[in-house]
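Beneath this line is the structure, given in structure tokens, with notes to follow.
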């Protein structure tokens, strides 16, 4: 189901007053982790106040995280809302192939109230910011990934990116903001500028370290909205 930006924000309990008004101390907080963090002490993470976790599952079509099961199941077992993410390798294989691989290796979604839609991580490949492909090819890759993921799960994936990467590598494409929740990476005191096509972020990754293992995230809304995001209604 598609909603206008304003209706979608209201349903999820999102804050749309503007980045400067967000208070990350009062919003549900969480983390994202990968194999770099190894086995995570989820009981401690829960005790420290986390509400959600986003966990790396796959990369390209040939990598799965050795720590995915411990991290993904561990977060669930202590009562966190959790989701999986896929590190995209645009230009290495199609978006469809990568979405299929992601879903087959833990990136699916279920309406259990504890699972976020999968996330596609879009960022530079070392010095090759846009993976050696054109803006139109990048848009096609992302669209194919999203459509394939939706066909398998009924949800569109969340998109993790920075404003600068998105605007550079997609040519400021505005065609994703209506359906794809934004996970904005902005290690600053406020979210700042949005990528083209979005007027607000659903999650904000505001630091690469803090009280939780891995990166530090905050949901742009209340606990009820976070629950609705997981449920998909």
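The values are calculated or read from the model by the stated rules, or taken from the named source; none is laboratory data. Please read all numbers here as calculations on a predicted model, not as lab measurements. Please note: Cβ atoms are built from the backbone with ideal geometry, for glycine as well, and neighbour counts cover all protein chains shown.
When region 162-203 is filtered for residues that are within 17 Å of residue 219 (Cα to Cα), free of Cβ contacts under 8 Å to residues at least 24 places away in the same chain and over 15 Å from the mean Cα position of the chain (by Cα), the ones remaining, listed by number, are 187, 188, 189. So residue 8 fits all but one of (1) in contact with a strand residue (DSSP E or B) (Cβ under 8 Å, 6 or more places away or on another chain); (2) modelled with pLDDT of 95 or more; (3) part of a helix (DSSP H, G or I); what number is the exception? Among (1) in contact with a strand residue (DSSP E or B) (Cβ under 8 Å, 6 or more places away or on another chain); (2) modelled with pLDDT of 95 or more; (3) part of a helix (DSSP H, G or I), residue 8 violates only (2).
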